[in-house]
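This report concerns only the one structure given below.
The values are calculated or read from the model by the stated rules, or taken from the named source; none is laboratory data. Values in this document were obtained by computation on a predicted structure and should not be read as measured data. FYI the Cβ positions are ideal-geometry reconstructions off the backbone, even for glycines, and counts take in every protein chain you see.
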Amino acid sequence: MVSQKKLLAGLIFSLFCFAASSCFAADLKIGIMDVQKIIIQCEAGKAAKGRFDVKMKQLQSGFKAEEDALKVMQEEIKKKSSAWSEEKKNEKVREFQKSGRELQAKTEDARFEMKNLQDKELEPILKALETVVNTYGKDNGYTAIMDSKNGVVYFDKKIDISDTIVKKLNGALAGK
């Protein structure tokens with residue numbers, strides 16, 4: 001008797017939830033955007049990428065000479081180590097290892113510098129993007145606008161608003 005009452009109550013509750021969700025679903029308007037695509041395609045994003053690439057090339061060219069010197073040192077150790085005394089061989093190996101650690105430290109510093117530059121370049125774009133998306137969502141009656149790369153498994157391409165957001169973001173950032 002008790003299980004029949006629970007079953008009936010559960011059935012009524014399920015029907016109520018189904019009816020309620022049908023009512024709410026009619027009012028939902030969801031948009032999907034690709035934040036990465038927006039940042040790459042907007043004018044500010046293209047300019048930031050250009051500055052980022054220039055800095056990356058500068059840093060890489062600075063490391064090229066040191067990398068080449070390490071290769072030369074390594075080849076010298078391979079070729080001449082049999083003719084050297086044990087003391088000389090150990091000295092050259094330590095020198096090679098020290099140079100390698102120094103280059104690795106410089107590489108880590110450069111990586112940190114590039115991360116900071118990327119954050120600095122993206123921060124104003126992301127702030128403007130947030131404002132643009134909030135305004136666009138409110139003005140166009142969206143219930144939610146989501147990033148396609150963060151948890152959305154499937155969406156119909158008709159609800160992708162990325163291109164529209166790129167245009168609005170370009171307009172918002174043009175005055176800055």
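Reported count of residues in region 129-154, each being touching a Gly at 6+ places or on another chain (Cβ under 9 Å) and not in a helix (DSSP H, G or I), is 6.
Given the structure, is Leu8 closer than 24 Å to Val152 by Cα, out of contact with any helix residue (DSSP H, G or I) (no Cβ under 7 Å at 6 or more places or on another chain) and either at pLDDT below 90 or of a type in the set (Lys, Arg) (or both)? Walk me through how you get there before you give the answer.
Values: closer than 24 Å to Val152 by Cα: no; out of contact with any helix residue (DSSP H, G or I) (no Cβ under 7 Å at 6 or more places or on another chain): yes; either at pLDDT below 90 or of a type in the set (Lys, Arg) (or both): yes.
Criteria not met by Leu8.
Restricting to region 55-91, count the residues that are of a type outside the set (Asp, Glu) and under 32 Å from the mean Cα position of the chain (by Cα).
Within region 55-91, the subset of a type outside the set (Asp, Glu) is 55-65, 69-74, 77-85, 88-90.
Now restrict to residues that are under 32 Å from the mean Cα position of the chain (by Cα): 55-65.
So the answer is 11.
Please go through region 120-176 and pick out each residue that is basic (Lys, Arg) and under 22 Å from Phe52 (Cβ atoms). If you could, list the steps in order and put the result at the bottom.
Residues of region 120-176 that are basic (Lys, Arg), as a first pass: 120, 127, 138, 149, 157-158, 167-168, 176.
Residues satisfying the conditions are Lys120, Lys127, Lys149, Lys176.
For region 59-84, the tally of residues that are among the aliphatic types (A, V, I, L, M), free of Cβ contacts under 8 Å to residues at least 24 places away in the same chain and either over 30 Å from Glu113 (Cβ atoms) or surrounded by 13 or more Cβ atoms within 10 Å (Cβ to Cβ) (or both) stands at 2.
Would you call Leu126 more than 30 Å from Ile77 (Cβ to Cβ) and not charged (D, E, K, R)?
Numbers: more than 30 Å from Ile77 (Cβ to Cβ): yes; not charged (D, E, K, R): yes.
Criteria met by Leu126.
Among the residues of region 98-125, which ones are free of Cβ contacts under 8 Å to residues at least 40 places away in the same chain and surrounded by 14 or more Cβ atoms within 10 Å (Cβ to Cβ)? Steps first, answer last, please.
Here is the first cut: in region 98-125, the ones free of Cβ contacts under 8 Å to residues at least 40 places away in the same chain are 98-102, 104-105, 108-109, 111-112, 115-116, 119-120, 123.
Within region 98-125, Ser99, Gly100 meet the criteria.
When Ala65, Ala44 are checked against the criterion of being assigned to a helix (DSSP H, G or I) and either touching a helix residue (DSSP H, G or I) at 6+ places or on another chain (Cβ under 6 Å) or closer than 29 Å to Gly171 by Cβ (or both), Ala44 stands alone in meeting it.
In this structure, Glu87 does not satisfy being under 18 Å from Ile40 (Cα atoms), exposed (fewer than 12 other Cβ atoms within 10 Å of the Cβ) and not small (Gly, Ala, Ser). Filtered by the rule that a residue be free of Cβ contacts under 8 Å to residues at least 24 places away in the same chain and either farther than 16 Å from Ala128 by Cα or crowded, with 18+ Cβ neighbours inside 10 Å (or both), region 151-176 gives Gly151, Val153, Tyr154, Asp156, Lys157, Lys158. Against the test of being at pLDDT below 95, within 16 Å of the chain's Cα centre (by Cα), part of a helix (DSSP H, G or I) and over 30 Å from Glu66 (Cα atoms), the options Leu126, Leu117 yield a single qualifying residue, Leu126.
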